[in-house]
Amino acid sequence: MPETKTAVLVRPANIHDVIYIYDLVESYAHMGNLLPRPMSELYRHLRDFFVVVKNDKVVGCGALEIFTETLGEVRSLVVAEDQIGQGFGKKLVRYIIEEASVIGLKQIMALTYAPEFFHTLGFRTVKKDTLPEKVWGICIKCYKFNNCDETAVVIDI
Ligand SMILES: CC(C)(COP(=O)(O)OP(=O)(O)OC[C@H]1O[C@@H](n2cnc3c(N)ncnc32)[C@H](O)[C@@H]1OP(=O)(O)O)[C@@H](O)C(=O)NCCC(=O)NCCS
């Protein structure tokens, strides 16, 4: 029997990926790990998104949202539950860092329950109040605003 080779790639998301991105984010949002993103918001922010595709199937996603001239955020980073631990999360974040660098950003942040994952990529943990744009721009709309238990991590690029 011919050997089947696994093909994995990271690429910018397209309109056909939205339903898969929605499902991936939902799968963790209901556990409280990620903020839910309605379909309408995913369409509006589609150009922020990248997907990891394994054998033509979307198995992970992540977004790069730009806040200021220097700062961007990794958001909605998810690898499908049955695909974790294969390096796909790392691949996605490396791709996002490269994109951020091409755009000209100087720093990327994330708010996360998995800081150790980000540490493996060179991010460091910082106090949330060192990130005012994020805190006052987006967090103020979050239901966890007064009770945020996520860790802020940043990387200089
Ligand atoms: C966090 C997540 C994206 C990691 O994806 P992944 O494909 O499993 O990660 P990788 O296989 O690329 O792991 C890379 C490294 O991080 C480590 N790692 C992965 N997930 C980790 C976690 N939750 N906690 C601590 N370390 C973790 C791995 O052990 C690996 O270490 P190594 O390079 O020394 O071997 C994935 O577990 C996920 O989708 N989690 C739920 C959603 C979430 O919390 N997203 C982050 C919100 S910002």
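The numbers here are math on the coordinates, done by the rules we state, and not lab data. Just so it is clear, the model here is predicted, and its values are computed rather than measured. All Cβ positions, glycine included, derive from the backbone under ideal geometry; neighbour counts span all protein chains shown.
Entry note, the chain: relative contact order of 19 percent, from Cα contacts under 8 Å with a spacing of 6+ residues. Maximal additional length on extending the residue 44-residue 84 stretch stands at 11.7 nm, based on 0.36 nm per residue less the C-alpha distance.
Helix 88-103 axis versus longest C-alpha principal axis of the chain: approximately 60°, rounded to the nearest ten. Each residue, residue 70 and residue 19, gets one label point 7 Å from its Cα in the Cβ direction; the gap between the two is 4.4 nm. If I take R0 = 30 Å and measure r between the Cβ atoms of residue 149 and residue 54 in this structure, what FRET efficiency does the formula 1/(1 + (r/R0)^6) give, to the nearest 0.05? After rounding, the FRET efficiency stands at 0.40.
Each peptide in 119-125, 49-55 receives the mean, over its residues, of other Cβ atoms within 10 Å, and ordering these scores from highest gives 49-55, 119-125. Relative to the dominant Cα principal axis of the chain, helix 18-29 is inclined by about 60°. Dipole size of the chain about its Cα centre, with +1 on Lys/Arg Cβ and -1 on Asp/Glu Cβ: approximately 140 debye, rounded to the nearest 20. Calculated mean residue ellipticity, 222 nm, the chain: -8000 deg cm²/dmol, from DSSP H runs (n ≥ 4) at -39500 (n - 2.57) each, averaged per residue and rounded to 500.
Highest mean packing comes first when the peptides 31-39, 89-97 are listed by Cβ atoms within 10 Å, giving 89-97, 31-39.
Here the extension length gained between residue 27 and residue 7 equals 4.8 nm, from 0.36 nm per residue of separation less the Cα-Cα distance. One-quarter of the Cα convex hull surface for the range 8-156, in nm²? Result: 8.3 nm².
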